[in-house]
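Worksheet: the structure to be examined is printed underneath.
The values are calculated or read from the model by the stated rules, or taken from the named source; none is laboratory data. Everything numeric in this text was worked out from a predicted model, so none of it was measured. All Cβ positions, even for glycine, are placed from backbone atoms using ideal geometry, and neighbour counts span all protein chains on display.
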Amino acid sequence: MGPPITIRPAEPADVALIFSLIVELAEYERAAEQVTGSAELLGEALFGEERSAEALVAELGGHPVGFAVFHGSFSTWECRPGLWLEDLYVPPEHRRAGVGAALLSALAAIAIERGCARLEWAALDWNQPALAFYEKLGARRLGEWVVHRLEGETLERVADARSAGRG
């Protein structure tokens, strides 16, 4: 049996570590060029005056080995809050040690403690190890839902349509 896994809330001193793991995750997901944020922006989101996200840090034997960033969501059908898991990442050398399962377990406990109806996330369709892991945990894949996104110039154009009286 290996060293114990500890899951704890992130602290301001963890921001640089979490951001470096976010960059590593983006590289793993073949999208490193899409990381346009910074450690400073992450710190503001996690610990600033108007927090928009929270994070957990996983430690194995006292050393950081993964993270989860999440924020609130809402189910109109259930009229209850939920949690959206934005990112969960465990570097390859620490996988299969139970770190990912420990992070998800901690998130599920937070969701229950806060009266949430659900814990949700998205996964890339090609990431078979992650998909198999989530399936093994009993997560239900929502194949009938298609994720959409507005960002950058498109987001601005749609917002401009409102101010022009077209939206």
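Quick one: how many residues across region 131-150 are loosely packed, with under 15 Cβ neighbours inside 10 Å and outside any loop (DSSP other than H, G, I, E, B)? Residues meeting the conditions: 4. For region 39-55, the count of residues that are among the aliphatic types (A, V, I, L, M), closer than 20 Å to residue 123 by Cα and surrounded by 12 or more Cβ atoms within 10 Å (Cβ to Cβ) is at least one. Screening residue 95 on (1) among the basic types (Lys, Arg); (2) at pLDDT 90 or above; (3) over 19 Å from the mean Cα position of the chain (by Cα) shows it passes everything except condition (3).
Does residue 103 fit the bill of being among the hydrophobic types (A, V, I, L, M, F, W, C) and either at pLDDT below 95 or crowded, with 17+ Cβ neighbours inside 10 Å (or both)? It is true that residue 103 is among the hydrophobic types (A, V, I, L, M, F, W, C) and either at pLDDT below 95 or crowded, with 17+ Cβ neighbours inside 10 Å (or both).
Taking region 85-113 on its own, how many of its residues are of a type in the set (Asp, Glu) and farther than 17 Å from residue 23 by Cα?
Looking only at that region, the number is 1.
Working only within region 20-65, note down all residues that are charged (D, E, K, R) and in contact with a His (Cβ under 8 Å, 6 or more places away or on another chain). Answer for region 20-65, where residues must be charged (D, E, K, R) and in contact with a His (Cβ under 8 Å, 6 or more places away or on another chain): just 54.
With under 16 Å from residue 9 (Cβ atoms) and β-branched (Val, Ile, Thr) as the only criterion, which of 57, 90, 35 stands out? Break it down stepwise before answering.
Details: 90 fails: under 16 Å from residue 9 (Cβ atoms); 35 fails: under 16 Å from residue 9 (Cβ atoms).
Of 57, 90, 35, the one residue that is under 16 Å from residue 9 (Cβ atoms) and β-branched (Val, Ile, Thr) is 57.
Out of all the residues in region 14-26, is one or more within 16 Å of the chain's Cα centre (by Cα), small (Gly, Ala, Ser) and surrounded by fewer than 15 Cβ atoms within 10 Å (Cβ to Cβ)? Yes: one or more hits. Is it true that some residue in region 60-70 is of a type in the set (Gly, Ala, Ser), modelled with pLDDT under 95 and over 10 Å from the mean Cα position of the chain (by Cα)? Yes, region 60-70 contains a residue that is of a type in the set (Gly, Ala, Ser), modelled with pLDDT under 95 and over 10 Å from the mean Cα position of the chain (by Cα).
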